[in-house]
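Enquirer: Dumping the structure here so I can ask a few things about it.
The values are calculated or read from the model by the stated rules, or taken from the named source; none is laboratory data. For clarity, every value in this text was computed on a predicted model and none was experimentally measured. No Cβ is skipped: glycine too gets one built from the backbone with ideal geometry, and neighbour counts run over all protein chains shown.
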């Protein structure tokens with residue numbers, strides 16, 4: 001029963017992560033969409049001045065449709081964010097790790113243009129996956145290209161593309177949740193190495209630098 005509850009909770013978290021990913025993708029193109037829709041609104045306003053009743057009614061229909069499209073874009077964005085009006089900000093990698101047992105290696109690493117709570121949740125999902133695989137040691141740092149590396153000594157993880165697999169229970173969702181949340185930041189995650197007792201994930205984010 002407890003495992004079923006955990007799997008249900010993990011599935012719900014995964015669905016939310018997918019919404020976050022989708023909403024952030026929409027956010028990246030929302031400016032362009034508004035630019036495309038603006039001429040339609042302008043045309044509707046001009047048509048509304050027509051002396052023909054049928055033309056005025058048609059202009060009202062167009063205006064309402066455009067307004068509704070803009071509302072749907074905004075609603076999707078707000079659904080995915082804990083603080084809809086909060087901008088993307090710069091944060092230190094060390095401050096995104098809410099786990100005292102994880103070893104943060106190297107100099108301070110700063111990541112710009114992110115939603116910190118979402119990226120912190122992605123890291124937590126990766127750490128949870130490592131512990132589910134029996135890891136006793138988890139390390140996080142960066143390579144020479146400033147990609148983030150997370151290494152653990154657990155058993156081999158599920159293969160890419162990190163999707164929930166039937167029969168894996170709650171553990172099967174952790175990597176999928178991490179992948180969706182990292183993609184929501186405009187980043188990518190891949191399996192760098194999967195040797196016995198040595199698994200490394202590589203995360204590339206749009207803007208990372210040393211302190």
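Enquirer: Tell me the strands (runs of 3 or more DSSP E) entirely within the range 87-153 that contain at least 2 residues that are more than 20 Å from residue 193 (Cα to Cα) and in contact with a helix residue (DSSP H, G or I) (Cβ under 7 Å, 6 or more places away or on another chain). Walk me through how you get there before you give the answer.
Expert: Values: elements: 89-92, 109-114, 138-142, 148-152.
Here the list reads 89-92, 109-114.
Enquirer: Out of everything in the range 160-193 that is outside any loop (DSSP other than H, G, I, E, B) and surrounded by fewer than 15 Cβ atoms within 10 Å (Cβ to Cβ), what residue ends up being modelled with the lowest pLDDT? Quick ask: steps written out before the conclusion?
Expert: Of the range 160-193, the ones outside any loop (DSSP other than H, G, I, E, B) are 169-184, 188-193.
In the following step, the residues that additionally are surrounded by fewer than 15 Cβ atoms within 10 Å (Cβ to Cβ) were identified as 188, 190, 193.
Numbers: 188: 91, 190: 91, 193: 88.
Looking at residues that are outside any loop (DSSP other than H, G, I, E, B) and surrounded by fewer than 15 Cβ atoms within 10 Å (Cβ to Cβ), I get 193.
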